[in-house]
Amino acid sequence: MKKTSQHGEWSSRLAFVLAASGSAVGLGNIWKFPYITGENGGGAFVLVYLVCILVIGIPIMMAEIMLGRRGRQSPVNTMRDLAKEAGGSRFWSLLGWLGVVAGFLILSYYSVIAGWAMAYVVRVGSGVFDGVTADGVSSIFGQFVADPEKLLAWHSLFMILTMLVVARGVKGLERTVKFLMPALLMILILLVVYAMDQGSFQQAVSFLFEADFSKITSDGILTAMGHAFFTLSLGMGAIMVYGAYLPSNISIGSTTVIIALADTAVALLAGLAIFPIVFANGLEPGSGPGLIFQTLPIAFGHMAFGSIFGTLFFVLLFFAAWTSSISLIEPAVAWLVENKNMSRMRACIWSGLVTWFVGIGTVLSFNIAADLTLFGKTFFDILDYLTANIMLPLCGICIAIFAGWVMSKEATSDELNLKSPLLHTSWLFLVKFVCPLAVVIVFLKAISVI
Ligand code: PFF
């Protein structure tokens with residue numbers, strides 16, 4: 001028996017592809033991918049990341065969309081009902097809860113970094129970076145993050161904007177992503193062309209695509225795998241809840257491949273836009289979360305119409321973050337509406353307030369509380385490590401195990417409706433054996449057990 005979603009449905013396949021790509025393409029691609037690639041030595045890290053997308057990311061994304069569409073509710077309720085339908089334990093709904101918690105934690109710091117992007121719209125636009133040197137750009141960034149009040153103000157503004165879209169529901173999401181995603185792609189291509197012309201492009205290509213495995217550690221492999229989950233928005237119910245709004249006649253397999261390709265293309269393009277500038281200006285590729293805020297303004301400060309393109313770039317980065325943040329909070333909001341009988345607006349206010357509050361910890365971790373560390377990690381580092389490297393992969397394999405082992409083959413093949421039985425068997429093999437094993441091995445390697 002097919003269910004319908006009480007929250008509405010996407011109006012077309014394109015709308016779903018744009019919304020899911022909007023969730024996938026975000027700060028992870030443009031801000032995080034370049035700096036973690038820089039920190040982990042380049043090519044070998046990129047290769048491991050690409051393999052993870054292909055072997056783990058795509059099958060789990062298919063599983064998540066499939067579960068969402070079959071359950072048609074918030075991830076907590078979807079997992080509860082599907083477990084019941086398959087005769088599994090009711091504890092599977094805990095998976096939905098873990099996802100809700102991960103969403104809160106990720107959004108709490110995501111919003112702070114998105115706030116940086118918004119602040120840079122104003123800075124680049126007002127010509128602060130015109131003709132400035134690499135040192136000048138770094139010191140402007142340093143002064144900015146040292147000011148907790150400014151960071152808090154931008155974080156608060158971003159949270160308000162996110163909740164405003166979520167309050168308007170599926171239609172609100174759809175309208176926002178439809179014109180933002182193509183615009184983002186166009187600007188990125190323009191920046192790559194600039195980097196080809198003005199930066200050390202060859203050096204950047206070697207850095208990104210020549211794999212030197214002596215440069216990668218087991219923690220680097222865990223980071224690459226965690227990032228595959230983060231960048232595709234997997235393991236926390238975001239894609240599951242978007243799947244819940246997917247019309248029944250749309251093919252999940254091909255749609256997933258399109259989303260994963262778009263996401264990977266944006267990350268690689270971001271790398272090709274940023275590293276040529278890093279190398280041409282003698283900057284440090286492993287300089288951490290400030291990387292794009294310290295490199296791209298150099299390009300904008302020296303190119304013709306740089307302040308216009310620069311402003312546009314940070315506007316789009318902010319938009320990319322916006323379309324992702326919406327999906328980070330949607331599982332919690334959908335649950336509040338379904339279970340607590342709240343209006344969407346009230347659900348948004350409550351979940352927004354909690355996230356905003358946790359975000360204050362990240363704001364302070366860049367200044368006043370920068371020295372407050374645990375295992376050498378600040379509050380922001382801990383949240384990032386815990387969510388991306390541990391929670392998302394862990395929830396991700398549970399999703400794979402549920403789809404592969406708990407649900408019946410008839411149910412999954414009915415919902416996925418892949419073109420051939422061979423494709424379905426291959427997908428089953430990946431979610432049943434390859435994904436769980438790969439994640440467990442990477443975990444054990446990272447804690448140096450094997
Ligand atoms: N995929 C987003 C990015 O790459 O920026 C981040 C994200 C969004 C992670 C939604 C998880 C999620 F559920």
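The values are calculated or read from the model by the stated rules, or taken from the named source; none is laboratory data. From a predicted model like this one, the values you see are computed outputs, not experimental measurements. Positions of Cβ are backbone-derived with ideal geometry, glycine not excepted, and every protein chain shown enters the neighbour counts.
Hey, Phe380 hits all of (1) away from the ligand (no atom under 16 Å from the Cβ); (2) closer than 28 Å to Gly288 by Cα; (3) among the aromatic types (Phe, Trp, Tyr); (4) at pLDDT 95 or above but one; which does it fall short on?
Phe380 satisfies all of (1) away from the ligand (no atom under 16 Å from the Cβ); (2) closer than 28 Å to Gly288 by Cα; (3) among the aromatic types (Phe, Trp, Tyr); (4) at pLDDT 95 or above except (1).
Condition check: touching a His at 6+ places or on another chain (Cβ under 8 Å), farther than 29 Å from Lys419 by Cβ and in contact (Cβ under 8 Å) with a residue 40 or more places away in the chain. Does Gln198 satisfy that?
Judged against the criteria, Gln198 is a match.
So that you can scan it fast, the table gives a plain yes or no per residue for (1) surrounded by fewer than 18 Cβ atoms within 10 Å (Cβ to Cβ); (2) at pLDDT 90 or above; (3) away from the ligand (no atom under 16 Å from the Cβ):
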residue: Ala321; (1), (2), (3): no, yes, no
residue: Leu328; (1), (2), (3): no, yes, no
residue: Ala334; (1), (2), (3): no, no, no
residue: Met345; (1), (2), (3): yes, yes, yes
residue: Ser351; (1), (2), (3): no, yes, no
residue: Thr355; (1), (2), (3): no, yes, no
residue: Gly359; (1), (2), (3): no, yes, no
residue: Val363; (1), (2), (3): no, yes, yes
residue: Phe366; (1), (2), (3): no, yes, yes
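When you scan segment 247-259, do you find a residue that is more than 16 Å from the ligand (Cβ to nearest atom), under 30 Å from Ser11 (Cβ atoms), free of Cβ contacts under 8 Å to residues at least 12 places away in the same chain and outside any helix (DSSP H, G or I), even just one?
Looking for residues that are more than 16 Å from the ligand (Cβ to nearest atom), under 30 Å from Ser11 (Cβ atoms), free of Cβ contacts under 8 Å to residues at least 12 places away in the same chain and outside any helix (DSSP H, G or I), one finds at least one in segment 247-259, hence yes.
Looking at segment 82-108, which of the residues that are of a type in the set (Ser, Thr, Tyr) and modelled with pLDDT under 95 is nearest to the ligand (Cβ to nearest atom)?
Filtering first and then ranking leaves Ser93.
Kindly indicate whether Gly286 is within 21 Å of the chain's Cα centre (by Cα) and away from the ligand (no atom under 16 Å from the Cβ).
yes
Being of a type outside the set (Phe, Trp, Tyr), within 16 Å of the ligand (Cβ to nearest atom) and either closer than 26 Å to Ser307 by Cα or out of contact with any His (no Cβ under 7 Å at 6 or more places or on another chain) (or both), is that true of even one residue in segment 117-138?
yes
Of all residues in segment 148-178, count the ones that are more than 24 Å from Ala334 (Cβ to Cβ) and among the hydrophobic types (A, V, I, L, M, F, W, C).
Final tally of qualifying residues: 5.
Output the number of the condition that Asp263 fails; it satisfies all remaining conditions of (1) assigned to a helix (DSSP H, G or I); (2) at pLDDT below 95; (3) of a type in the set (Asp, Glu).
Against the list (1) assigned to a helix (DSSP H, G or I); (2) at pLDDT below 95; (3) of a type in the set (Asp, Glu), Asp263 comes up short only on (2).
List the residue pairs whose Cβ atoms are under 6 Å apart, where the first residue sits in segment 18-30 and is farther than 9 Å from Met181 by Cα, the second is in a loop (DSSP other than H, G, I, E, B) and within 10 Å of the ligand (Cβ to nearest atom), and the two are 6 or more positions apart or on different chains.
Ser23/Ser233; Ala24/Leu232; Ala24/Ser233
Check off (1) touching a residue at least 12 places away in the same chain (Cβ under 8 Å); (2) surrounded by fewer than 21 Cβ atoms within 10 Å (Cβ to Cβ); (3) more than 20 Å from the chain's Cα centre (by Cα) for Leu151 and give me the number that stays unchecked.
Answer for Leu151: the failing condition is (2).
Say we look at segment 226-246 and pick out the residues that are over 13 Å from the mean Cα position of the chain (by Cα) and part of a helix (DSSP H, G or I); which of these is farthest from the ligand (Cβ to nearest atom)?
Here the answer is Gly243.
Which of (1) at pLDDT 90 or above; (2) surrounded by 15 or more Cβ atoms within 10 Å (Cβ to Cβ) does Ala134 not meet, given it meets every other one?
All conditions are met except number (1).
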